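Engineer: Dropping a structure here in C-alpha cells format, bear with me for questions.
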C-alpha cells in the first residue's frame, strides 16, 4: 500500500458507503475503505500512514469555472496594498525595474490606495517617471477604476499625443494639456492590449503558481478558461504549456480546459487543428468550447428579454445574433465538442436554450453535456426547458455576496426570486456544479460552499432569498461529484469510492458539525491528487 | 423528426424530468421530451406519429443475466406438452425425421407427460424405434428428470452395451438386461454432450429467434451467457454469429456477452485472441468474464460456509479453490476484463469477495465494475464488504417463486432472512440489476418486477420475507437504468432522457396504478431499440 489515512471522518460522497474512518491508496487509486484496524492491516513497510486525528476528509474539490491564468498573472503584479506612502510604492516598484528591463517586460503594481498614505494624493505620470523612464510602468488603484502610467508606458501605448478636447480615451490631463498618465474605467484595457504576450515558459510559471495556489485550497481539478491570455492564437501556446507540464508530470492538479474561441473562424481553426473535447494528456484535458453571449449585471451589459428595471433604455447587449450563436453551436456540436456558454441575462439564456435545442434536433448526439455558465437571470419556464434538455448548470454561489445588492434593482423582485435558484435546480435533478469565476472571486471553495448554503453576506448581515439555497450535502456535491460529472469523469472521480482515483482533501474543521456561517473559516490541511500529495499545510 | 410518441404517460426513470406525455426520436436518439402540443409541433411530413392512447412508456428493459441461446435451442425442440396419446408423440416426432436426416441432426422432443395420455405408460427405446431407427431421437419428460432415447441415440452415445450391475449411468433396463433407453437426472447430460454442435448459420437462427422473443417482452438489451453452447471453443463461433448479424444490421436488440470461460486456459486463450470487455460491434458487445463458482441450492451444490441445515453432511461444492479463483480473477482483472461471478452460497460469495479484493489491491484499476450474479445466500457482514468494494449485484427476483420453499430449510431462517435481501442492497446504494437466468425462468420482465416488489408466490399464496422487497420504482430501475449501468452504458441508455438512445417499451397497463399483484398481467405493446421498432403487438 502506498498511503493509508486513518482515524478520520471520511465523507465519501458515495451513497453506497457514506462515512468511514480509513482509506487505503495504491498507484493513485482508492483500493479500500473501512475502519482503522481493518485498513491499517493492509499496510506494509513502504506504506505512508497519515493520522487524520479526527479530521474531515472530502473528495477533492473541483471549481468548474474560473480563469486560472488571469488569476496567476494578476498575482504576479507588485502588491501595493500595504503601502503607507508614495515612497513605499516607489521602493517596491524600483525593485522590479532591472528584471523588467532585462526581460522586456513592464513593471506593474496593483492595489494602491492613496487614502492610506501620509500624503493622500494620487501620483501622476511624472511622479512615476522618478521610478523609471526606460521601462513601461503602471500602478492600479485598489478599486480597479484607475490605473496610472509612466511616460514610457503612455508612449508605448501611443497615448502621449492625446488631447483633452479630441480624445476617445477616458483619461486625465495636466493643466498644460498633456496627458497626466491616469486612465479610468474601460480605457485601462489599452494597457492590457499593449502588454507583451507571455511566452511559453512564462505561461508555465503562471500555471504552476496558479495550480499550487488552488491545491492549497483543496482543489484537485480546475475547469479553466484561459485562452484570452494570448489573444488571437486560439490558445495554442497555452495548450502547449499545459501539455508539456502534464507530460513531464509537473502539473500538480488536473486542468479541464474551457476553450474560449471568439467567433466561428477561431473555432473552425481550432477544429481544423484536430482539437476536440476529451483530448487528453494526463492531468490536462481539452474541455468544452466556451462561448460568451453577454456581459455583466453591474454594467447593464447582461442581455435581458425586458429592459433593465433601473435603466429602461437598455436590455443589455447580446454578443451574438441568434443566427451567429446557432452557427457557433452547430459547428462545435457537429464536431463532437461539448459546449459551455456564459449567460448572465435571461435574454442570452433564451438564445442558448434555443440554439442547443436546434443543433440537437438537427444532429442528435448522445451524452454531449452542453451547459450554461453562470445561469443567473431566469424564470421558471426557462428552468423547465433547461432540465428537459438535460443541460449542465455551472453556478458561482459566492456571486450572491455582491449581486444581492443589485439584482432586484436590475430585474425586479419577481424575476430576482426565480434567478440564481439553485434550490430549484437541485429539486429538478439538474446537474449543477460550483465555481468561482476567479479572479472575479477567490477560488477558495469553503466560503463558496458557505454561500451556497446560507446566501448570506456576513458583512452586510443580509440574506438573499435564503429559500433558494441548497443543503450542505448538496453544496459539497456541487464542488466534488458534479465537477467530475461536468468533465465526463464521474466514474473515476468525484467521490471516495474503491476504484476511483485518490483525489482527496483534508480540512481542519468538520463542516457538518460547525455552524454553517463558520464554514468559511475552515482551512485546508492536505490535498491529494491521484495519490500524490499536492499540498500540505505547514 | 423520425418518430413522435404522444398522448402517453412517459415514465422517464430520470429525476430531472420524471414524467411527460410525448417524446421525439431522430436518428435513434431521444431529442425532445414534453407535452403533446409542444412535441407534435416538431413533426414533419416524414414523421411517424404514434398515439400512446394514455398508455405507459418505460425505458427499454434489460435482463442482466440469462442464457439466450440455450433458451432458443430449448424452444427449437418439438413441443410435446399438448400430446394426449403416444400416437400424438409419434406423429409430431415423425414430421421432423426427414429434416434431421438431411441435416445430420437429432430429433428431440420435450414436455411429454404420460399421465395426460390415454395409455399412461412411459415409452421406451423400442417404442421410439417405431418412429425412426436411422436418426437419433430423444424425448424429455415435462419434469426434466427423465429423457427417453431410441436405439440410434443410445448407440451414438455408446450406451447400448451398459449393464445394470456395472453401469455408472443412471438409466433403465429391460428385463433382458439391455438398456431400455430411459436416462434419469444428471445422466441426461450425456445427451447434451453427444449432440452435434450447431454451425454458425444455425446459431444465427437461434439468436434471431431468441432476440425476437425477448423484444416481445420489452427487452432492449440482454446480458447473455452463451458460450457453453459450443463447449471448448471459448465461444468464437457464437461471437462470430452475433457479430455478423450485428454488422449486417439484423440484430433486433442489444447483446452484452457474458463470457463464460471454464478455467484459466480458456481465459488465457480468449485474451490471447485479443478479446476484452468493451469490444464493440454495434448492438453486440463483449461483456464480462463469467465465472461459475458453485451449483444450486436445490441440489445442495451451492457452496456454504456451514453445512446445510437439512443435510449436515455437506457444505456443497466449490468449483474452484481460493487460489484457482484468485488466478482466474487476476488474469481477467489485469487484462482489463470486467468480471461477473455466479455465487449462490455464502461460501462461494466469500471466496469471490476475497478474490476481488486481492486483485484490486495488487493492481488498482478504476471503474472495473466487477460483480456477483445471483447473490443469494449472504449475511449482513458480507453485504457490507460488497458495498465497500463497490461491486455490482445481478439478482433474479423471480427466483423467490420457487426458492421460498427451500431456503429456510437449507440454511436456517437466520441466514435466510439476510439472503436475497434486495431491500438492504437498495438502502446501501449498491448497483443492483435484475435478470431471469432464462431458461431457468422465463425472461418476462413484468412478472419479475412483480416478484421484486411483492416476494409473493400467488399460486401458494405465500410471501417470503416481504420486508426485503424493493419499491416498484426501485424494481423498474433494476430492470432499466441498472441494466445499462452494468454494461457501462448508463450515460447513453437506461432512462428516457434527451441525448440518450431511444430504447423504449410501451405496455398496456399502468403498473404504477394497478395493484402490484397484477403487474404480471401487463403485456408489452411495442419495443423500440435505437429508434427502430423491434416488436409491435398485433
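Quick note: the coordinates plus some simple rules give every number you see, no bench work behind them. Not measured: the values here are computed from a predicted model. When we count neighbours, we look across all protein chains shown, and the Cβ atoms used for this are built from the backbone with ideal geometry, even at glycine.
Engineer: Counting only other chains, and only Cβ atoms inside 10 Å, what mean value do you get across the residues of A:28-36?
Structural biologist: The shielding value for this peptide is 4.
Engineer: Also, I was wondering about something else. Across peptide B:498-505, what mean number of C-beta atoms from other chains lies inside 10 Å of a residue's C-beta?
Structural biologist: Mean shielding by partner chains, rounded to a whole number: 4.
Engineer: For residue A:264, place a label point 7 Å out from Cα along the Cα→Cβ vector, do the same in each other copy, and report the separations in nm, one decimal, smallest first.
Structural biologist: 6.2
Engineer: To continue, here is another question. Between residue B:37 and residue B:366, what is the spin-label point distance in nm, taking each point 7 Å from the Cα along the Cα→C-beta axis?
Structural biologist: That separation, rounded to one decimal, is 4.7 nm.
Engineer: Now a separate question. Look at the axis of the rotation that sends chain B onto chain A, then give the chain B residue with the nearest Cβ and the distance in whole Å.
Structural biologist: B:491, 4
Engineer: Also: For a quick size check, give me the Cα extents of region A:106-194 along its three principal axes, largest first, whole Å.
Structural biologist: 35, 25, 24
Engineer: What nm value, rounded to one decimal, do you get for the distance between residue A:248 and residue A:311 when each label is placed 7 Å out toward the C-beta?
Structural biologist: My value for the distance between the label points is 4.5 nm.
Engineer: Got the relative contact order for chain B handy, in percent, Cα pairs under 8 Å and 6 or more residues apart?
Structural biologist: With pairs under 8 Å counted, the relative contact order is 17 percent.
Engineer: Could you work out the helix-only [θ] at 222 nm for the protein assembly as shown, with each DSSP H run of four or more residues adding -39,500 (n - 2.57) and the total divided by the number of residues, to the nearest 500 deg cm²/dmol?
Structural biologist: Helix-only estimate at 222 nm: -9000 deg cm²/dmol.
Engineer: With no solvent and one equal point scatterer per Cα, compute the Debye intensity ratio I(q)/I(0) for region B:50-125 at 0.26, 0.27 Å⁻¹ and report its log10, rounded to two decimals.
Structural biologist: -1.23, -1.26
Engineer: Which whole-angstrom value gives the distance between the alpha carbon centres of region A:97-119 and region A:145-212?
Structural biologist: 13 Å
Engineer: Specify the inter-centroid distance of region A:240-287 and region A:54-94, based on alpha-carbon positions, in whole Å.
Structural biologist: Between the Cα centre of region A:240-287 and that of region A:54-94, the gap is 25 Å.
Engineer: Moving on to the next point. At R0 = 30 Å, how high is the FRET efficiency between residue B:51 and residue B:75 if r is their beta carbon distance? Nearest 0.05 is fine.
Structural biologist: 0.35
Engineer: Now for a different question. Give the average, rounded to an integer, of partner chain Cβ atoms located within 10 angstrom of each Cβ in A:378-388.
Structural biologist: 2
Engineer: Compute the distance from the alpha-carbon center of region A:2-37 to that of region A:432-459, in whole Å.
Structural biologist: 27 Å
Engineer: A further question follows. When only C-alpha pairs under 8 Å and at least 6 residues apart count, what is the relative contact order of region B:106-194, in percent?
Structural biologist: For region B:106-194, the relative contact order is 26 percent.
Engineer: According to the Kirkwood expression over distinct Cα-Cα pairs, how big is the hydrodynamic radius of region A:85-157, in Å?
Structural biologist: Mean inverse Cα-Cα distance, inverted, gives 12.2 Å.
Engineer: Say a paramagnetic label sat at a point 7 Å from the Cα of residue B:143, along Cα to Cβ; which residues of region B:178-193 have their backbone N under 14 Å from it?
Structural biologist: Answer for region B:178-193: B:183-186.
Engineer: May I ask for the equivalent-ellipsoid semi-axes of chain A, computed as the square root of five times each C-alpha gyration tensor eigenvalue and listed largest first in whole Å?
Structural biologist: Result for chain A: semi-axes of 39, 30, 24 Å.
Engineer: Hey, another quick one. Residue B:296 to residue B:427: FRET efficiency via 1/(1 + (r/R0)^6), r the Cβ-Cβ distance, R0 30 Å, to the nearest 0.05?
Structural biologist: 0.60
Engineer: While we're here: Can you list, shortest first and in nm, the gaps between the label point of residue B:311 and those of its counterparts in the other copies, using a point 7 Å from Cα in the C-beta direction?
Structural biologist: 8.3
Engineer: Defining a contact as two alpha carbons under 8 Å apart and six or more residues distant in sequence, what relative contact order in percent does region B:156-259 show?
Structural biologist: 23 percent
Engineer: Once both axes come from the Cα atoms, what is the angle between helix A:445-454 and the longest principal axis of chain A, in degrees from 0 to 90, rounded to 10?
Structural biologist: Rounded to the nearest ten degrees, it is 80.
Engineer: Label point 7 Å out from residue A:168 along Cα-to-Cβ: which residues of region A:181-209 have amide N under 18 Å?
Structural biologist: Hits in region A:181-209 for residue A:168 at 18 Å: A:183-194.
Engineer: Once Rh is set to the Kirkwood radius over Cα pairs, what Stokes-Einstein translational diffusion coefficient, in µm²/s, holds for the protein assembly as shown at a temperature of 37 °C and a viscosity of 0.692 mPa s?
Structural biologist: D = 100 µm²/s.
Engineer: Once the label point is set 7 Å along the Cα-to-beta-carbon vector, what list of distances in nm do you get between residue A:101 and its counterparts in the other copies?
Structural biologist: Label point to label point, same position, other copies: 11.1 nm.
Engineer: So, how do all the Cα-to-Cα distances of region A:148-259 break down into 10 Å bins, in percent, from 0 on up?
Structural biologist: 13, 33, 21, 20, 11, 2
Engineer: Oh, and also: Between residue B:175 and residue B:116, what FRET efficiency comes out of the Förster formula 1/(1 + (r/R0)^6) with R0 = 35 Å and r the beta carbon distance, rounded to 0.05?
Structural biologist: 0.85
Engineer: Quick one: which of B:9-19, A:206-216 comes out on top by average Cβ neighbours within 10 Å, and what's the full order, highest first?
Structural biologist: Going by the mean number of other Cβ atoms within 10 Å, highest first, we get A:206-216, B:9-19.
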